[in-house]
Amino acid sequence: MLIILSASGRLQETPIPDALVEQRPALAEKLVAERDRWLDQLHEATRYMVDNIETFGLSYATERGRDIVGRFVTHAEASFCPNAPSRRRQSG
């Protein structure tokens, strides 16, 4: 879950301003590459948690705990979906 939190945080805190793209395209390209890498980390972590939900979700004794884990993974994946039209998407 920490990978999801940290990758999500980096994506939210590191937008790519249009001015940067216009004024310093090489730097903008590097930032896009980093954001793509963070998206890949996020997607891999959420996919792993979905594939192994019984390990994460079912380890909680209450239904509420299981629900929180399931929603966390689902919302993280939906908010930063790598299949979105723009990989520069900042949040859901």
Farthest toward positive dipole pole in the chain [+1 Lys/Arg, -1 Asp/Glu at C-beta], among N52, V21, F72: V21
Rank Q12, Q41, Q23 by mean-square fluctuation in a GNM of the chain with C-alpha springs under 10 angstrom and give only the top-ranked residue. Q23
If a/c stays under 1.5 just call it rounded; otherwise compare a/b with b/c (prolate if a/b is bigger, oblate if not). Do that for the chain, with a ≥ b ≥ c from the square roots of the Cα gyration tensor eigenvalues. prolate
Between R47, R24, R35, which gets the highest mean-square fluctuation from a Gaussian network model of the chain, Cα cutoff 10 Å? R24
With Cα springs under 10 Å, the Gaussian network model of the chain assigns the largest mean-square fluctuation among I68, I16, I53 to I68
Calculated from DSSP helices alone, with each H run of at least 4 adding -39500 (n - 2.57) and the total divided by the residues of the chain, [θ]222 nm to the nearest 500 comes to -23000 deg cm²/dmol
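A short reminder: the numbers here are calculations on the coordinates, not readings from a lab. Everything numeric here is computed off the predicted structure, so don't read it as measured data. Virtual Cβ from ideal backbone geometry, glycine too; neighbours counted across all protein chains shown.
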